[in-house]
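Shown next, in structure tokens, is the structure this report addresses.
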Amino acid sequence: MSDRLAVLPQYLLPKGALTNFAGRVAGAKGGAMTTRLIRWFVGKYNVNMDEAENPDIASYHSFNEFFTRALKPGVRQIADTPYVCPVDGRISQFGAIEDDQIFQAKGHSFTTTALVGGDRALADLFQHGSFANLYLSPRDYHRIHMPCDGKLTRMIYIPGSLFSVNPTTARGIPGLFARNERVVCVFDTAHGPFVMTLVGATIVGSMATVWHGVVNPPRQPKICEWTYLDQHIMLKKGEELGRFLLGSTVVMLFPKDTLAFNPAWQPAGAVRLGEPMAALHG
């Protein structure tokens, strides 16, 4: 079956209703039912609870509490490189931004302008720059960390669809990451700006950042923006930036001639928080 046919049912599903329902279930404190749900999930997706700061499944009061669990201190080492991987997951795609085009999958791309919600001035900062799309599967650790030191300047919430973001869907739905709901976080760094985009998906109940808390719900029908120029929100490399309440994808943008990706990186390859992602260009 082709990828386009495989994703056809997603166009018909009531994705918003499913996502809202999943969010309510994941946030509920259901006692023994919650414990059974978590235990089933751990078994189905082979979640490594030995890495969790709290490995006791029965002690989690809600599925969200389990899903956004912290790791044991020292389980992920932050590499002494300019840029580190911000998540556990798999590489969807990475590489050069061709003019303003970001490669999604064979036959599909999307623009930097579309990704950031139509802000051409912001998108122009990344003309001919670099990008990385990293997919977090259900079994992965779902907190998102900083790839480098940065000062927060803006956050943009962009409403959109709620398609799945798994590899099959990325191959089958054009412009996927620029049409789904997303939260765009903009930072200044010693080597120029960078963008971290949290992409929503079917049954992603919400996305949260450490400075704002839960961004959605409520799900707004229009683009919303927050600016932080009058604040001094600095996050260090490896420090937590935010989290998904159920999993999804992050898309990072960097300016031209800023970094050179780890030569060991390959599309579909597994990555872990803190491993070397890139060196400085040149």
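The values are calculated or read from the model by the stated rules, or taken from the named source; none is laboratory data. Computed from a prediction, not measured in an experiment: that's the story for all the values here. Note: ideal-geometry Cβ built from the backbone for every residue, glycine included; neighbour counts use all protein chains shown. Calculation scope for accessible area: heavy atoms of the full protein, side chains included, ligands and nucleic acids excluded. Shrake-Rupley method; radii C 1.70, N 1.55, O 1.52, S 1.80 Å.
In the context of the full set of protein chains, residues of the stretch 184-282 present 44 Å² of accessible surface per residue (probe radius 1.4 Å, heavy atoms only). Annotation: amide H-H contacts under 5 Å for GLY274 (H modelled 1.01 Å from N, sequence separation of 5 or more, or interchain): CYS85, VAL87. Packing order of peptides 90-102, 181-193, highest average first: 181-193, 90-102 (average count of other Cβ atoms within 10 Å over each peptide's residues). Packing, as the average of other Cβ atoms within 10 Å across residues, places the peptides 144-151, 45-52, 218-225 in the order 144-151, 45-52, 218-225, highest first. Quick one: grab the alpha carbon gyration tensor of the stretch 80-239, order the square roots of its eigenvalues as a ≥ b ≥ c, and give me rounded if a/c is under 1.5, else prolate or oblate depending on whether a/b is larger than b/c. Judged from the Cα gyration tensor, the stretch 80-239 comes out rounded (a/c under 1.5).
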